[in-house]
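Only one structure is covered here, and it is reproduced in the block below.
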Amino acid sequence: MEVILKKDVSNLGYTNDLVTVKPGYARNYLIPKGLAIFATPGEKKQREEILRQKAFKEEKLRSEAQTKADAMEGVSVKIGAKAGTSGKIFGSVNAVQIAQALQEQHNYEVDRKMVVVDGNAIKEVGEYEAKVKFYKDIEATIKLEVVAE
């Protein structure tokens, strides 16, 4: 029996997948729990339209993310931090500070969750690299210069 999944089901498929299952599994588990619906010709047409719209939206998001990543690639940010004489920072430089520095110095609006620092945290004065993730596989690399205040 063919059904269209309405939610992700482990070991079976993802949302809007057309899968073939045994009739009892569909009637007694998937459909009553709202995880799937019967794959009638009308539902199959509706599924195709949903997939087409989803692909269009995905392409739009991907192109916007690529444009932002290209604009930000290679940007250099200078961050001041309190440090001792040996160059060790009191505390660390984290994603929040990097996002704020991007906003202040280059006027790029970036969420802190999008910033990924190599090695988790920066604890010494020097030059580093960080990645800003815009989409699943689209990211930009920025240069960080941490200086003592």
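Among the numbered conditions (1) under 20 Å from residue 119 (Cα atoms); (2) modelled with pLDDT of 90 or more, tell me where residue 94 comes up short.
(2)
Could you please find all residues in the stretch 25-38 being loosely packed, with under 13 Cβ neighbours inside 10 Å and assigned to a helix (DSSP H, G or I)?
Listed by number, the list holds a single entry, 28.
If you scan the stretch 73-108, which residues turn out to be more than 22 Å from the chain's Cα centre (by Cα), of a type in the set (A, V, I, L, M, F, W, C) and within 21 Å of residue 138 (Cβ to Cβ)?
Across the stretch 73-108, the qualifying residue is only 77.
Can residue 94 be described as within 30 Å of residue 61 (Cα to Cα) and out of contact with any strand residue (DSSP E or B) (no Cβ under 8 Å at 6 or more places or on another chain)? Working first, answer last.
On the way: within 30 Å of residue 61 (Cα to Cα): yes; out of contact with any strand residue (DSSP E or B) (no Cβ under 8 Å at 6 or more places or on another chain): no.
Against the criterion (within 30 Å of residue 61 (Cα to Cα) and out of contact with any strand residue (DSSP E or B) (no Cβ under 8 Å at 6 or more places or on another chain)), residue 94 does not qualify.
Run residue 108 past the list (1) hydroxyl-bearing (Ser, Thr, Tyr); (2) modelled with pLDDT under 90; (3) within 30 Å of residue 5 (Cβ to Cβ) and report the number of the one that doesn't hold.
Unmet condition: (3).
Where residues in the stretch 8-24 are in contact with a strand residue (DSSP E or B) (Cβ under 8 Å, 6 or more places away or on another chain) and assigned to a loop (DSSP other than H, G, I, E, B), which of them is surrounded by the most Cβ atoms within 10 Å (Cβ to Cβ)?
Within the stretch 8-24, the match that is surrounded by the most Cβ atoms within 10 Å (Cβ to Cβ) is 21.
The values are calculated or read from the model by the stated rules, or taken from the named source; none is laboratory data. The shown structure was predicted, so the numbers you read here are calculated from the model rather than taken from an experiment. Because the Cβ atoms are built from the backbone with ideal geometry, glycine has one as well, and the counts that use them run over all protein chains shown.
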